[in-house]
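The block underneath contains the structure these notes are about, expressed in structure tokens.
The values are calculated or read from the model by the stated rules, or taken from the named source; none is laboratory data. Note that this is a predicted model, so its numbers are computed, not measured. Counting neighbours? That spans all protein chains shown, and the Cβs are built from the backbone with ideal geometry, glycine included. Side chains included, ligands, DNA and RNA excluded: accessible areas come from the protein's heavy atoms. Shrake-Rupley method; radii C 1.70, N 1.55, O 1.52, S 1.80 Å.
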Amino acid sequence: DSGVTQTPKHLITATGQRVTLRCSPRSGDLSVYWYQQSLDQGLQFLIQYYNGEERAKGNILERFSAQQFPDLHSELNLSSLELGDSALYFCASTGTGGADTEAFFGQGTRLTVV
Amino acid sequence: GENVEQHPSTLSVQEGDSAVIKCTYSDSASNYFPWYKQELGKRPQLIIDIRSNVGEKKDQRIAVTLNKTAKHFSLHITETQPEDSAVYFCAASMSTGFQKLVFGTGTRLLVSP
């Protein structure tokens, strides 16, 4: 167990819908990263938050947004869903804002858009 | 921004053989290079990492080497076992400021008994 909790584990929804994925980082970790992993693909960086503030952005679609709350949990919102958004979404946390320490990954949320 | 290339995309070896996975990075300011292992359906987990002030690091059957001049680093697994079968990702980042961890595209390693 990495200490990072993601909910839900699985999500099936229809095209055009909106979903929210939730991530609770390890106790004490201030930084949360979101990654998208499509079938047999690598880990595509979406966005990073540190202590409530957005710190780095990757190839995140405008239909996607995220935030980190005062209790440090983070939510990734995906709207106007398309079939191509089906993927495994991981969040990871580190203790500091820098990415030079071990990133602990959650178990992921598998999103299926039908 | 940083870009990480990883080769090969798939690697098949016999049990007991060695396996080598190579990565190159683009940003000379990167100074932290972790390797993650992802078993089927599971989350990525760190197996070894190296910082730019070190040329090689070893942990039992796995080792990582770094060539800063050429901007490439490699993962070496010796005496491979079937349980080593997984997807391996290299990554690179900088320790200064708020930097993202950029991953390579992954190598699927298959170790046959």
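How many angstrom lie between the C-alpha centres of region B:40-71 and region B:1-27? Each part reduced to its Cα centre gives a spacing of 11 Å.
log10 I(q)/I(0), Debye, Cα-only the protein assembly as shown, no solvent, q = 0.15 Å⁻¹? Those come out to -0.98, one per q.
Packing here is the average count of other Cβ atoms within 10 Å per residue, and on that basis the peptides B:107-113, A:22-28, highest first, run A:22-28, B:107-113. With each label modelled as a point 7 angstrom along the Cα→C-beta vector, the A:His73-A:Thr15 pair spans 3.3 nm. With all protein chains in place and a 1.4 Å probe, the accessible surface of chain A carries 45 percent carbon and sulfur.
Rounded to the nearest 20 debye, the dipole magnitude of chain A is 240 debye, with +1 charges on Lys and Arg beta carbons, -1 on Asp and Glu beta carbons, and the Cα centre as origin. Whole Å is fine, so just give me how far the alpha carbon centre of region A:65-114 lies from that of region A:4-41. Taking the Cα centre of each part, region A:65-114 and region A:4-41 sit 4 Å apart.
Accessible surface calculations at 1.4 Å, restricted to protein heavy atoms, place region B:35-113 at 49 Å² per residue.
Taking all Cα pairs closer than 8 Å and separated by 6 or more residues, the relative contact order of region B:1-45 comes to 37 percent.
Here is the interface size for A with B: some 1900 Å² of accessible area buried, both sides summed, with a 1.4 Å probe.
When only Cα pairs below 8 angstrom with a gap of at least 6 residues are kept, chain A shows a relative contact order of 37 percent. Result for chain B in a Gaussian network model with C-alpha springs under 10 Å: among B:Thr24, B:Thr69, B:Thr80, the largest mean-square fluctuation is at B:Thr69.
Interface residues of region A:1-47, defined as those losing at least 50 Å² of solvent-accessible heavy-atom surface relative to the isolated chain (probe radius 1.4 Å), are listed as A:Leu43. What percentage of the solvent-accessible surface of chain B, computed with a 1.4 Å probe over protein heavy atoms, is contributed by carbon and sulfur atoms? On chain B, the fraction of accessible area on carbon and sulfur atoms equals 48 percent. Below 8 Å, C-alpha to C-alpha, sequence gap of six or more: please give me the relative contact order for region B:16-71 in percent. 27 percent.
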